[in-house]
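Please treat every number below as a calculation from the coordinates, not as lab data. Computed from a predicted structure; not experimentally measured. Don't worry about glycine lacking a Cβ; one is built from the backbone with ideal geometry, like all the others, and counts go over all protein chains shown.
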Amino acid sequence: MTDDAGPEPPSFDLTPRPARPASGTRRGALTLLLLLVGGMVFVLLRTLGDASLFFYDVAEAVELRSELGDGRFRVVGTPQPGLVVTESDGGSAVVFTLCAGDVLADVVHQGDPAELFQPGVPVVLQGAWTAGRPTALDGLSNAAGDGWYLRTDHMVVKHDNDYRADGAELAPCGAAG
Amino acid sequence: MAGRDERPGTTGSRGSRLLGCVALASLVVLGVLAFFLTGPDVRIHPTTGEEFGQFDAVRMLYLHVPMAVLMYASFMLCAAASVGVLVKRTPWWDVMAHSTAEVGTVLCGLVLVTGSIWGRPVWNTWWEWGDVRLMTTLVLFLLFAGYLALRRTTTDPRRQERQAAVVALVAVLDIPLVNRSVAWWENRTLHQRSTLEELKIEDLTLFTLMFSFLTFGLVVWWLTLQRFRVGWLERAAIDHAVGSAIADRRSETSADELDAAIGVTDEQVGEASP
Amino acid sequence: MTHLGYLMAGWGISLVVLGGYAVRLVRRGRSLIALVPEDRRRWLESPGTDRD
């Protein structure tokens, strides 16, 4: 092989080139990947931060009443039969008693209750302890009447996994299933 | 997985077409069972005597629960195939891992959407930030969406396969958290405990739930089969395109031009000849 | 029937998404078939399974 013999060879580039996706596709995929990582960080912050869902049962909420003070918290319990619909702060409210085992707590829930809200079906309420005794409690047969009530404004239903028509296992103040 | 009697121009085989037809027929039967033959969830409270339950919203059970279980199955298959990618290093495992991950991600998205739609009438909320079952499922979706995005970012196919396999094996660790969250963190989720473990269902409701597993199982089997064939064809198409390009390049270039390109002179060619 | 809107939305979205995904797979398969010679369409017989 010589360097100086003959004319310059035509420029054939036979070097293998790596196959690569179109740069636009790659950029889009990288952007998507970054968005997904951002989404994961957001979810983790929401889950681990103050917004993390946690609820006390009624017995814990009563026991920790002084600790909880007037701070908002979530509580799960079973509404007892007997509800009173009344007015409170210019809006409608539902007054009822929440129970877990033999511990009771009175509730004044502002606004409309959940669509499937029923006595015997556990609910998770968000609100705070308030000192006093609403007059609507007089209409309840099993009110706690201990000078405190839960003033709540957010209600979700915690359904069980029982789909049998007889519902034989449902206790009046049973825990959520 | 593939039949040998494909019609020209389709990815179908006699077996997969039959599977698709049976899946479609099963969907029709499931629709009849779920909407017309089974009743609403109406129970009588043992002490108050009042009606309670989920009423007709319970018909989401036959959609949401089988899709959730098949989502787990798809992601577990993806993890198993990813082990195959790392150990065996053959395309079959990678195509299988990619296919099951994609089908699983579609199912996971639908599980989140149907769960949200079911939650609105039954729980009174579309979504609860911080609910451990919802959050772990969302993380699972994001992880596998990331897996699919990652596969499009890397240029080296072998590196892509291995990176994706590692991501899948990490992502699948979230599945026990999703599945057990309702038992481990009962006061951190609105979600009910496992329907399948406790099976507090009877008669036609139970039969319909089992039938929904069969139906969606057939649908997911068909989808995975088709996605596998598409994945396999994508590889074959690339291999064929590369082979054709090399052959074309060779045919475009004469022997003299090739010699000149690499600096071989006519004299050298003559000397080398016998 | 109660909650009909939710039921229609849940089942409708699921069936449309699954159906759309199925159609997309079939169409993608058909377009790929045209790029692959007949002898390499059957994945069991395709070369390259022992790449490494």
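Obtain the nm distance between the two label points defined at residue B:257 and residue B:44 by a simple spin-label model: each point lies 7 Å from its Cα along the Cα-to-C-beta direction.
Each label point is offset 7 Å from its Cα along the Cβ direction, giving 9.2 nm.
From Cα pairs below 8 angstrom and at least 6 apart in sequence, can you work out the relative contact order of chain B, rounded to a whole percent?
Result for chain B is 24 percent.
Run the dipole for segment A:55-157 about the Cα centre, Lys and Arg Cβ at +1, Asp and Glu Cβ at -1, nothing else charged, and hand back the magnitude in debye, nearest 20.
For this selection, approximately 40 debye.
Does segment B:50-147 come out rounded, prolate or oblate by the C-alpha gyration tensor, with a ≥ b ≥ c the root eigenvalues, rounded set by a/c under 1.5 and, if not, prolate when a/b is larger than b/c and oblate if not?
prolate
Between B:118, B:93, B:126, where does the largest GNM mean-square fluctuation fall for chain B, given springs only between Cα atoms within less than 10 Å?
Among B:118, B:93, B:126, the largest mean-square fluctuation in the Gaussian network model of chain B belongs to B:126.
Shape verdict for segment A:55-157, please, from the Cα gyration tensor: rounded (a/c under 1.5), prolate (a/b greater than b/c) or oblate.
Rounded shape, in that the Cα axes give a/c under 1.5.
Calculate one ³J(HN,Hα) per residue across segment B:228-236 by plugging θ = phi - 60° into the Karplus curve 6.51 cos²θ - 1.76 cosθ + 1.60, and present them in order as whole Hz with x for glycine and proline.
5, 5, 4, x, 5, 5, 4, 5, 4
Using amide H atoms built 1.01 Å from N in the peptide plane, name the residues 5+ places from residue A:57, or on other chains, whose amide H lies under 5 Å from its own.
A:76
Quick one: if the Förster radius is 60 Å, what FRET efficiency do residue A:65 and residue B:245 give, using the C-beta to C-beta distance and rounding to 0.05?
0.20
For the protein assembly as shown, what does the alpha-carbon gyration tensor say about shape, rounded, prolate or oblate, given a ≥ b ≥ c as the root eigenvalues, a/c under 1.5 as rounded, and a/b over b/c as prolate?
Verdict is prolate for the protein assembly as shown.
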